[in-house]
Amino acid sequence: MNTSTAHTDHYDPESSKIGMWLFLFTEMFLFGGLFLVYAVFRNKYSADFHHGAHELNAFIGTFNTVVLLISSMTVAMSITAIQKKNRKLAVNMIIITIVLALVFMLNKYFEWSYKFEYKLYPGSPVMMNLPQGEILFYGLYFMMTGLHALHVLIGIVLLVVNIFKIRSGKVHHERFSLLENSGLYWHLVDLIWIFLFPLLYLVT
Amino acid sequence: MVNTSQENYLEYRGRFKGLMGWLTSTDHKRIGLMYMYAIMFFFIIAALLGLLMRIEKIAPGQTIMDAQTYNGVFTIHGIIMIFIIVIPGLAAVFGNFFLPIMIGAKDVAFPKLNLLSWYIYIAGAIMGILSQFIGGGAPDTGWTFYVPYSAESGTNVMFALLAAFVLGFSSILTGLNFIVTIHRLRAPGMTWFKMPLFPWSLYATAWIQVLATPIIGITLLMVIAERTLNIGFFDPALGGDPLLFQHLFWIYSHPAVYVMILPAMGVVTEIFPTFSQKPVFGYGAIAISSLAIALVGYFVWGHHMFTTGISYWSRWFFSFLTFIVAVPSAIKVFNWISTMYGGSIDLKPPLLYAISFIFLFMIGGFTGLTLGALATNVQTHDTTFVVAHFHYIIFGGMGFAFFAGIHYWFPKIYGRMYSNRLAYIAWGILFVGFNLLYFPLFVIGIQGMPRRYFDYLPQFQTGHVISSIGAFILVAGLVVMFYNLIYYRRKGEIASANPWKGVTLEWQIPSPPPLENFEEIPVIKDKPYTFDNKEEKASTGN
Ligand SMILES: [Cu+2]
């Protein structure tokens with residue numbers, strides 16, 4: 001049947017971009033729920049939160065913030081590159097972004113396993129013996145950074161898909177909505193971290 | 001206007017035929033119907049569970065099931081009815097089918113995403129049903145999943161929570177799709193205020209879906225973390241706060257009520273002008289009041305928590321806003337009635353259902369104010385008064401609007417006509433059964449009958465017996481209605497393109513609509529609901 005071309009082959013980058021922004025709103029509200037819980041408990045147990053934040057390694061946190069900020073820049077550069085028809089540079093920029101994301105995840109892995117070594121994880125006897133505010137602080141820490149890490153992984157998958165689509169010529173200088181929207185998603189992952197970092201590491 | 005050069009969407013053969021042709025179709029009309037069939041299937045299950053509960057309550061003490069089974073039955077009845085039926089409900093069925101047509105588009109903005117939403121919906125629905133049969137027994141928390149019980153119950157709450165999470169995701173994607181569709185795909189010349197009012201109501205609904213659903217998502221994840229990881233946000237023993245859950249839950253679940261009712265209001269807003277042959281009264285007021293409801297509806301969630309010990313001022317605030325949010329609903333009611341005033345009213349089944357929608361919705365709305373007032377809330381909280389109130393809103397409002405919508409658009413969807421006689425009979429039985437079933441619950445609720453109890457004191461028996469009789473009558477009405485619709489969708493008389501003399505775009509194309517809706521995208525010049533009496537001119541030999 002050739003009557004239905006418009007059904008499958010409808011390309012409107014403006015629509016996809018609005019759709020993506022709406023999706024990003026939902027992501028912000030998802031984390032917003034956790035921020036709300038954070039605000040409530042921080043207000044109730046400010047001394048414990050102060051102490052908990054003190055225990056986190058601010059150096060790793062700062063390092064990871066810098067890593068993510070640079071990765072946001074490289075993903076933006078890959079979009080500019082594809083607009084200028086430089087596919088090779090675009091792919092390379094995405095690869096750098098992915099490497100930076102992996103560095104972030106590796107750091108996170110070390111950070112978490114360091115805590116696990118001290119038997120500090122949700123439900124562990126060590127954690128259950130902490131003051132109540134600290135239990136909640138670490139609960140929030142694990143849940144927020146865990147959910148964020150999950151988003152980093154999804155972002156990595158999206159970026160890998162983009163590499164294949166650029167190589168197969170499906171994403172190019174006239175049709176780069178997928179890359180642009182993946183870039184937007186990546187900025188969101190970055191943005192959420194920008195909020196998590198001071199709330200968890202710096203508010204001492 | 002009517003042309004038959006294109007195949008209609010029901011007969012169209014794509015790459016696959018038969019069932020696969022439907023399951024792989026990205027056509028918004030087919031997806032709309034797929035939602036409808038799924039919703040009907042689950043509705044029958046949940047309605048039968050409701051009937052079982054009414055049979056249990058026909059006499060005090062244990063009648064047909066024990067207390068734990070009863071807990072499981074009202075929980076799954078609620079989960080299916082709320083998350084699987086009424087939240088997607090009108091938006092997913094009529095929204096999918098008619099939104100693109102009414103704004104003059106060939107499809108929604110993201111057809112593939114639309115199909116994906118349906119699959120996610122089905123996955124969530126199946127998980128909800130499975131939660132009954134696997135693991136530690138049927139969930140028994142009620143559909144509200146209140147902690148601490150939902151964090152402790154040994155039953156299969158996890159699966160039900162995940163099901164609600166997945167269904168929420170589907171709801172978000174549908175909302176997102178509709179917002180983009182309305183922004184980008186309106187026909188040339190259709191400015192915002194030339195858009196029909198059903199799309200307006202869908203637009204307001206979609207924003208609630210996008211902005212409120214993530215909150216329930218993260219809340220359900222927190223309960224899951226509570227159960228699996230002992231994370232303690234809601235556990236007082238670990239410093240958490242169970243009330244925090246109620247806040248988070250109702251931040252979503254009150255706006256969700258408007259996800260259910262706004263499209264219902266949109267549907268009846270289409271019906272009144274058509275059957276009065278008169279432009280809708282107060283077009284702007286109806287359009288804006290939808291947005292107002294969506295906006296104010298965000299800030300009233302605390303009225304579910306008046307008895308939990310929240311502060312005086314927050315109770316005052318939430319009660320005040322609850323009264324405020326009733327205003328735009330009342331504006332709509334006045335507009336519907338004014339639309340009929342002085343029109344040439346044709347009391348066909350769709351209009352009959354729409355009028356009974358107003359009647360039932362108003363009873364539900366006013367009793368909602370009884371619950372929203374601080375003093376009376378203390379008396380009626382957690383009694384069957386609440387049960388009666390929200391069934392009047394959800395079933396009497398959203399349910400009857402759905403029936404109105406399906407009787408209105410049936411000839412367009414299937415190209416056939418149902419039996420008017422059977423439709424009137426079904427309406428009569430449904431209306432009597434509905435009021436017999438739910439009205440006594442107001443009375444015994446005020447007298448102190450708690451909700452969610454499988455047993456009761458003898459003094460409540462009269463009310464319960466009347467209610468149970470009503471349940472049987474209601475089910476009989478449903479059987480007649482379903483028979484009428486299912487049988488005549490293939491066997492009915494061929495319907496014309498515009499049997500009701502409607503003026504919105506869906507009536508300007510053949511019945512059933514061709515695959516791509518419009519041969520040529522229409523250009524809009526007039527306001528919607530402009531009845532210029534073309535027919536009269538034609539008949540007077542113009
Ligand atoms: Cu409410």
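Brief remarks follow.
- Summing +1 for each Lys or Arg and -1 for each Asp or Glu among the other residues whose beta-carbon sits under 13 angstrom from that of residue A:185 gives -2.
- Cross-link pairs exceeding 24 Å in C-alpha to C-alpha distance, out of A:17/B:412; A:85/A:108; B:29/B:278; A:165/B:112; A:17/B:112; A:17/B:332, comprise A:17/B:412; A:85/A:108; B:29/B:278; A:17/B:332.
- In degrees, nearest ten, helix B:349-372 long axis to first principal axis of chain B (Cα): 30
- Charge tally around residue B:239: other residues with Cβ under 11 Å, Lys/Arg +1 each, Asp/Glu -1 each, net -3.
- In this structure, the amide hydrogen of residue B:416, modeled 1.01 Å from its nitrogen in the peptide plane, lies closer than 5 angstrom to those of B:495, counting only residues at least 5 positions away or on a different chain.
- Taken as Cα centroids, region B:201-237 and region B:388-433 sit 33 Å apart, rounded to the nearest whole angstrom.
- Where a label projected 7 Å from the Cα of residue A:76 along Cα→Cβ would reach, residues of region A:172-195 with amide N under 18 Å: A:179-195
- Residues B:53, B:481, arranged from fewest to most other Cβ atoms within 10 angstrom of their Cβ, appear as B:53, B:481.
- Cα centroid separation, region B:81-159 to region B:308-383 (Å): 26
- Fraction in percent of alpha-carbon pairs per bin - 5 Å, region B:278-341: 4, 18, 22, 16, 13, 11, 8, 5, 3, 1, 0
- Helix axis angle, B:157-184 relative to chain B longest principal axis, alpha carbon, degrees: 30
- Candidates A:188, A:158, A:34: whichever shows maximal mean-square fluctuation once chain A is modelled as a Gaussian network with Cα springs under 10 Å: A:34
- Residue B:388 sits among other residues whose Cβ lies under 14 Å from its own Cβ, and their net charge, with Lys and Arg +1 and Asp and Glu -1, is +3.
- The protein assembly as shown: Cα Rg divided by the 2.2 N^0.38 Å rule of thumb: 1.01
Values quoted throughout were computed directly from the atomic coordinates according to the rules given, and no laboratory measurement underlies them. Remember, it's a predicted structure, so these values are computed and weren't measured experimentally. Methodologically, a virtual Cβ is constructed for each residue, glycine included, from the backbone with ideal geometry; neighbour enumeration extends over all protein chains shown.
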